[in-house]
Amino acid sequence: MSILSFFNRRTSAPVARDRLQILLAHERAMVGQNDLVGVLREEILAVIAKHVQVEPEHVRVKMERGDAISTLEVEVDIPAQAKVRIALSA
Amino acid sequence: MAKVLVVTSGKGGVGKTTSTAALGAALAQSGQSVVVVDFDVGLRNLDLVMGAERRVVYDLINVTQGDAKLSQALIRDKRLDTLHLLPASQTRDKDALTEEGVAKVMEELRAKFDWVICDSPAGIERGAWLAMRHADVAVVVTNPEVSSVRDSDRIIGLLDSKTLKAERGERMEKHLLLTRYDTGRAERGEMLKVDDVLEILSIPLLGIIPESEEVLRASNLGTPVTLSNPASTPARAYSDAAKRLNGESITMMVPQNRRSLFGKLFGRKAA
């Protein structure tokens, strides 16, 4: 037992490598996800703005990651007096 | 055509300033004109490592705010005519450095020098962002240690998204400089190996700088290690790295522990 633990103590580098690989895979995915939400928000805003006048801050995009299912929540406030341009663009 | 290089890492204490001084001196030794710029506002240290701490009159912020001309703030190295230093300010007000001010100074430096080497502060805040903003090339300084590798990964992400080059849709050239490396410990599985770090960060290797007492000796003396003891292993590793930055292809040497025989004789305890 003492011999085994002696050798185990000496090879800590593989543990470091494995921990880093798992952690960074996770962290890179998180950063990518943040970007994805930003990109989605801008593109959704652009599509809506083609038809309805909306303020950029009235478009909210939220993504929740779950183990089995992930949800994308898009919330757009359209003011009552907003000009609708559907007729024009059609 | 001037090249702007940022020396960055995310984590503090991994050897950014030491590497800036050593690479700057090595590039200047090859006859090119070099300026090393300290971006660590409030905690300037490049002047001390370069041995120019008593010659600082004006600094980067004085120049960006128009209180001094660039030529007044630049300090020419006493050992190498081609090497210059633009020191950081000691002010506590970090917002004194503006994006426009930095852009103007960088433009002037580009016109004057072959290499503009920006020594980034630690962290991922404004100072680090300003230091990398104008870079054409990045040297990511990393220790073979988990927290340093993780922070380097974050910095690589920022280099690919927050620099002017990235915003123009161009690819940022990034190089890994592995510092404080101990070949013996890596071989015994006590330290991440070169290949481990390369596999995790997946950017090309610029050099491996061994853990060495020469590095501390050089900073004690205020002389870049490439000038204080050019024959030493860290100096040779830095000189090779500088040559690679110049586009030369030099075989990568994994530094060997000078005490390897000692290590063999006395086993693991000797390390």
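The values are calculated or read from the model by the stated rules, or taken from the named source; none is laboratory data. On a predicted model such as this, the values are computed, not experimentally measured, just so you know. Quick reminder, even Gly has a Cβ in these numbers, built from the backbone with ideal geometry, and neighbours come from all protein chains shown. Ligands, DNA and RNA are excluded from the accessible area calculation, which covers all protein heavy atoms including side chains. Shrake-Rupley method; radii C 1.70, N 1.55, O 1.52, S 1.80 Å.
Annotations
- Per-region count, the range A:30-65, residues open to solvent by 60 Å² or more (accessible area, probe 1.4 Å) and within 14 Å of chain B (Cβ to nearest Cβ): 6
- Selected residue (only one of B:Leu205, B:Leu221, B:Leu201 is under 23 Å from B:Lys3 (Cα atoms) and surrounded by 14 or more Cβ atoms within 10 Å (Cβ to Cβ)): B:Leu205
- Figure legend. Inter-residue proximity from the range B:214-225: first residues of a type in the set (Ser, Thr, Tyr), second residues not in a helix (DSSP H, G or I), beta-carbon distance below 6 Å, spacing 6+ or different chains. Indicated pairs: B:Thr223/B:Gly51.
- Just one of the listed residues (B:Leu192, B:Leu176, B:Leu216, B:Leu206) is part of a helix (DSSP H, G or I) and either touching a Pro at 6+ places or on another chain (Cβ under 7 Å) or of a type in the set (A, V, I, L, M) (or both), namely B:Leu216.
- Residue in the range B:168-179 that is free of Cβ contacts under 8 Å to residues at least 24 places away in the same chain, within 13 Å of chain A (Cβ to nearest Cβ) and surrounded by fewer than 18 Cβ atoms within 10 Å (Cβ to Cβ) present: no
- Count of the range B:41-69 residues which are under 23 Å from B:Pro224 (Cα atoms) and either outside any loop (DSSP other than H, G, I, E, B) or among the hydroxyl-bearing types (Ser, Thr, Tyr) (or both): 9
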